[in-house]
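Chemist: Once you've had a glance at the structure underneath, I'll fire off some questions.
The values are calculated or read from the model by the stated rules, or taken from the named source; none is laboratory data. Just so we're clear, the structure is a prediction, and the values are computed from it rather than from any experiment. Cβ atoms come from the backbone with ideal geometry, glycine included; neighbour counts cover every protein chain shown. The area values use the complete protein model at the heavy-atom level, side chains included, leaving out ligands, DNA and RNA. Shrake-Rupley method; radii C 1.70, N 1.55, O 1.52, S 1.80 Å.
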Amino acid sequence: MLSNRHILILSTAVLLLANAATEQGAALAQSIPSLKDAFKKDFGIGTALNNAQIEERDPQTTAFIARQFNMATPENIMKSALIHPKWDTYNFEMADKLVEFGKKHNIKINGHTLIWHSQLPPFIRGIHSADSIRAFFTDHIKTVAGRYDGKVLSWDVVNEALNEDGTMRKSVFLQYLGEDFVTEAFRLAQQAAPKTELYYNDYNNEQPAKRAGCIALLKKVKDAGVRIDGVGIQGHWHLGKVPLKDIEESINQYAALGLKVMFTELDIEVLPRNFQGADVGQRMTANEQSNPYTAALPDSVQQQLAADYEALFKLFLKHKDKITRVTFWGVNDGDSWLNNWPIRGRTSYPLLFDRNNQPKPAFERVIALKK
Ligand code: G3I
C-alpha cells in the first residue's frame, strides 16, 4: 500500500513532468517560424476562430495563434443564427469577446457574415411575407454592422449568393427581396459601417461559370454607386486538384474591377469526396473507404499536400499586389470543419499545422518560399 506521503510525492512528480512537457511544448511552438512575419510585406495571414479559441481557454493555443496570424474570421459566432437568435434579441457576448481578442493580440477581425442563406435564426422559417423579411434584413445589417463599425476591419456582407452556373441561388432573400438584395445589403452596410471594408464572399467563384456570375454581381453593386471593397474566394480545394489556372485568371479579373482579392477560407481536403465545393447542405454517406487515414497521413499524401500548398503560395506571391489576405479555415487539422463534413467523425488533414500545432511539410514548403 502507498502511504499518503508517497502519493503526495508521486503526484507532485507527475505534475512537474506535465508542466515541463507543457513548457517544452510552448517553447517549441514559439520556435516555429511565424507565417504572419514571413508574409508581412505581402499580405495578411488569417485563421478562423472557434469559441474555445476566442475565450482563450488554453493559453498555449492563444500564444500560438498570436504568433502565427494577424487576421481572424469567426468560424460561427457572428452568423445570424447565433448573433440574432430571436426576432428582437441579439446576443453580442461572443462577438464582443472576439473584438477584445483582436485588440489584445493585434489581430484584425473580418466579420462573417451579415447575409447568408445558411445558419439563419430558426424564426425565419415562420416568416412568409416580403415586408417581414425586409424588416429582418434591414434591422440585422444596421444593428450588427453598426455595432462593430470601427471595431472590425471588414465584413463579408453577403456570402454564397450564387449557384455553380453563375445564376443567383434560391434563398429566402432572393425569393422575397429579388435579385437586388445583394446591392441593398451593401447599401445598408455602407450606411451603418462607413469605416468598415465591405466584401462579397463565395466558394468555387474561381470556376469560370460561377466567376462570370460573380463578376456580373459585383459590377451591379458598383454600377448602383454602392461601395464594395473586395471579393473573397473561399478556397476549399482538393488534394492534387487545386485549380491554379482558374485561380490566377480570377485574381486578375477581380482585381481589374478595382477590388481587393482575398483567399478567405483556405483548406485542402485530402479525404475522398465525390463533389467539389463547400455547400454545407450537401452530405455524403460513409462507407469503408471514406475515412482512410485514422492512424496517420501516408507520406505520399503529405508530400502532395506540401506541393499543392507550395504551388498556391507561389501564385499568391506572384500576385501579392492584388491579394490583401490569405485566411486558413482553422488553426490546426484538429479544428477543421472537414473532420465533420460532408461525413461526420472523419480524420482530415487539410491545414499547415497538425493536431498538436506542429508544422507539417506543407508549412515548411510555404515558409521556404520566403527564405
Ligand atoms: O454548437 C452546436 C452544438 O451545440 C451542437 O451540439 C452540435 C451538434 O450538431 O452542433 C454545433 O453546431 C455546429 C457548429 O458548426 C459549431 O461547431 C453545427 O452543427 C455545424 O453545422 C456548424 O458547422 C459550421 C458550418 O459553417 C455551418 O454552416 C462550421 O463549423 C463552419 O466551419 C462552416 O463554415 C462555412 C463558412 O461559414 C462559409 N463557407 C463554407 C464554410 C464551410 O462550410
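Chemist: Specify the angular offset, from 0 to 90 degrees and rounded to the nearest 10, of the alpha carbon long axis of helix 244-256 from the longest principal axis of the alpha carbons in the chain.
Modeler: 50
Chemist: Can you give the % of DSSP beta bridges in the chain that are antiparallel, to the nearest 5?
Modeler: 10
Chemist: Only helical DSSP H runs with n ≥ 4 go in: add -39500 (n - 2.57) per run for the chain, normalise by residue count and round the 222 nm mean residue ellipticity to 500 deg cm²/dmol.
Modeler: It lands at -13000 deg cm²/dmol.
Chemist: A further question follows. Based on the mean of other Cβ atoms within 10 Å per residue, sort peptides 323-332, 74-83 so the most packed one is first.
Modeler: 323-332, 74-83
Chemist: So for the stretch 148-193, averaging the separation of alpha carbon pairs under 8 Å that are six or more residues apart and normalising by length, what relative contact order in percent results?
Modeler: 45
Chemist: Would you tell me the accessible area of S348, worked out with a 1.4 angstrom probe on the heavy atoms of the protein chains, in Å² to the nearest 10?
Modeler: Probe radius 1.4 Å; accessible area of S348 about 0 Å².
Chemist: Oh, and also: Would you please name the chymotrypsin sites (Phe, Trp or Tyr not before Pro) within the stretch 247-286 that are DSSP coil residues with at most 12 other C-beta atoms within 10 Å of their C-beta?
Modeler: Answer by residue number: F275.
Chemist: What aspartates and glutamates does K371 reach when the alpha-carbon gap must be under 16 Å and sequence neighbours fewer than 8 apart in one chain are set aside?
Modeler: D37, D42, E310
Chemist: Run the dipole for the chain about the Cα centre, Lys and Arg Cβ at +1, Asp and Glu Cβ at -1, nothing else charged, and hand back the magnitude in debye, nearest 20.
Modeler: The calculation lands at about 580 debye.
Chemist: Remind me, what semi-axes does the chain give for its equivalent ellipsoid, largest first in whole Å, using sqrt of 5 times each Cα gyration tensor eigenvalue?
Modeler: They are 36, 25, 21 Å, listed from largest to smallest.
Chemist: Between 0 and 90 degrees, rounded to the nearest ten: what's the tilt of helix 208-223 against the longest Cα principal axis of the chain?
Modeler: In the chain, helix 208-223 runs at an angle near 60 degrees to the longest axis.
Chemist: Then there is this: For the ranges 50-63, 306-319, what's the packing order if you count other beta-carbon atoms within 10 Å of each residue, average per peptide, and put the highest first?
Modeler: 306-319, 50-63
Chemist: May I ask you to give the solvent-accessible area per residue for the chain, in square angstrom, as obtained with a 1.4 angstrom probe?
Modeler: Per-residue value: 44 Å².
Chemist: Still on this structure: Residue by residue, what Karplus-based ³J(HN,Hα) values in Hz, rounded to whole numbers, does the stretch 80-89 have, using 6.51, -1.76 and 1.60 with θ = phi - 60° and x for Gly and Pro?
Modeler: Running phi through 6.51 cos²θ - 1.76 cosθ + 1.60 with θ = phi - 60° gives 4, 4, 8, 8, 9, x, 10, 2, 10, 10 Hz.
Chemist: Still on this structure: Mean-square fluctuation check for the chain, GNM, Cα pairs under 10 Å: which of K360, K142, K104 is largest?
Modeler: Among K360, K142, K104, the largest GNM mean-square fluctuation belongs to K104.
Chemist: Between rounded, prolate and oblate, where does the stretch 271-371 land on the alpha carbon gyration tensor, with a ≥ b ≥ c its root eigenvalues, rounded for a/c under 1.5, else prolate if a/b exceeds b/c?
Modeler: prolate
Chemist: If I take the Cα coordinates of the stretch 330-371 and project them onto the principal axes, what are the three extents in Å, biggest first?
Modeler: Here the spans come out as 39, 18, 13 Å, largest first.
Chemist: Regarding the stretch 47-183, what whole-number volume in Å³ per residue does the convex hull of its Cα atoms give?
Modeler: Value for the stretch 47-183: 113 Å³ per residue.
Chemist: Across the stretch 110-249, what fraction of all alpha-carbon pairs, as a whole percent, falls in each successive 10 Å bin from zero upward?
Modeler: Bin by bin from 0 Å, the calculated values are 12, 42, 34, 11, 1.
Chemist: I've got another one for you. Once you've got the GNM for the chain with C-alpha springs shorter than 10 Å, pick whichever of N204, N291, N357 has the biggest mean-square fluctuation.
Modeler: So, out of N204, N291, N357, the one fluctuating most is N291.
Chemist: Normalise the Debye intensity by I(0) for the stretch 169-260, one equal point scatterer per Cα, no solvent, then take log10 at q = 0.13 Å⁻¹ and round to two decimals.
Modeler: -0.47
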